[in-house]
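The values are calculated or read from the model by the stated rules, or taken from the named source; none is laboratory data. For clarity, every value in this text was computed on a predicted model and none was experimentally measured. Cβ: placed from backbone, ideal geometry, glycine included. Neighbour counts: every protein chain shown.
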Amino acid sequence: MKLVTIDIGNSSINIGFFTEKSLVIQKIKTIPLLPFSDYAGMINEFMKKENIDKMSEGIIISSVVQGHTDAIKKACSTLSKKEPMVLTHKMKTGIDFQIEEPEKLGTDRIAAAAGACDLFGAPVAVIDFGTATTLNFIGSGNKYKGGAIMPGLELMRKSLFSDTAQLPDVTISKPMSPLGKDTVECICSGIVYGTAGAVERIISETEKLEAESFKIVVTGGNADLIVPFLRKVDHSEPALVLKGLRFIYSLFDSQ
């Protein structure tokens, strides 16, 4: 199936062009918001460069930046004869939401959960190291139990720089030791080891609470930096949200 899946996130817009055997991904910065014609031009130019067939069988969008949804939807309208679908919690996803107010759950988290269950099976914990670091726990029977949200690495870095008088703006890099020998090393150590430690503690406490062991699946733009500092990672899937959207579309298409 030729399918276009779109993940509109806080930092980037990821567009996945699927065929039966391949996936090509285009990344566009979320900020600033552009006119739909600019997005259409960038998408068409990318497709031409990558020799991607312009006509697809369908389009599905996940968005956590609602101000961008209409522009991207309009920009992609010429790529398929079908109206682009925008993911909501009400759609068939294969996930049984056992939480309050599922309508407030980010659709990127819904897509990632669906993708993880499809690719790796439940019980599974999905950790997305993006603008925010999110944890999602899906138990046996694909029951979505809940999760946690904490600042992502870049949000931590920006906060330390903007909200203190003396700490410098740094580029986050892999710390060589938990013991920083200067201010920059201390910041990198605190952010990286702190994130890894928080994630492992939340997983440990959740497994005790649920009396269940979860496969650990990681994704997100900062996953590669954090993975070496986690004691257990079963799968790393950079395109998890896009693949989850593909799976959700397949459920809709088979109805």
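Key figures for this structure:
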| read-out | value |
| --- | --- |
| Residues located in the range 67-96, provided they are closer than 18 Å to Y249 by Cβ and of a type in the set (V, I, T) | T69, I72, V86, T88, T93, I95 |
| Selection count where residues are part of a loop (DSSP other than H, G, I, E, B) and either of a type in the set (D, E, K, R) or assigned by TED's automatic domain parsing to the domain that holds I15 (or both), scope the range 101-120 | 1 |
| Hits in the range 194-214 - residues which are over 14 Å from D128 (Cα atoms) and either buried (at least 17 other Cβ atoms within 10 Å of the Cβ) or not assigned by TED's automatic domain parsing to the domain that holds F129 (or both) | T206, F214 |
| Condition met for I172 (touching a residue at least 40 places away in the same chain (Cβ under 8 Å), within 24 Å of T134 (Cβ to Cβ) and assigned to a loop (DSSP other than H, G, I, E, B)) | yes |
| Among the candidates M150, M156, residue that is outside any strand (DSSP E or B) and either surrounded by 13 or more Cβ atoms within 10 Å (Cβ to Cβ) or in the same structural domain as T219 (by TED's automatic domain parsing) (or both) | M156 |
| Complete set of residues in the range 1-12 that are of a type outside the set (A, V, I, L, M) and part of a strand (DSSP E or B) | T5, D7, S12 |
| Tally of residues being within 19 Å of S250 (Cβ to Cβ) and surrounded by 14 or more Cβ atoms within 10 Å (Cβ to Cβ) across the range 44-66 | 7 |
| Qualifying residues in the range 222-255 (those that are under 13 Å from E200 (Cα atoms) and among the β-branched types (V, I, T)) - the one surrounded by the most Cβ atoms within 10 Å (Cβ to Cβ) | I226 |
| Residue within the range 209-220 that is at pLDDT 95 or above, touching a helix residue (DSSP H, G or I) at 6+ places or on another chain (Cβ under 7 Å), over 19 Å from N10 (Cβ atoms) and of a type in the set (K, R) present | yes |
| The range 159-176: number of residues that are among the hydroxyl-bearing types (S, T, Y) and surrounded by 10 or more Cβ atoms within 10 Å (Cβ to Cβ) | 2 |
| Some residue of the range 82-100 being part of a helix (DSSP H, G or I), surrounded by fewer than 16 Cβ atoms within 10 Å (Cβ to Cβ), modelled with pLDDT of 95 or more and outside the structural domain of G221 (by TED's automatic domain parsing) | no |
| Number of the exception - V64 against (1) over 20 Å from Y39 (Cβ atoms); (2) within 18 Å of the chain's Cα centre (by Cα) | (1) |
| Members of the range 13-43 found to be in a loop (DSSP other than H, G, I, E, B), of a type in the set (V, I, T) and buried (at least 16 other Cβ atoms within 10 Å of the Cβ), listed by number | T30 |
| Boolean, G141 is surrounded by 16 or more Cβ atoms within 10 Å (Cβ to Cβ) and on the phi > 0 side of the Ramachandran plot | no |
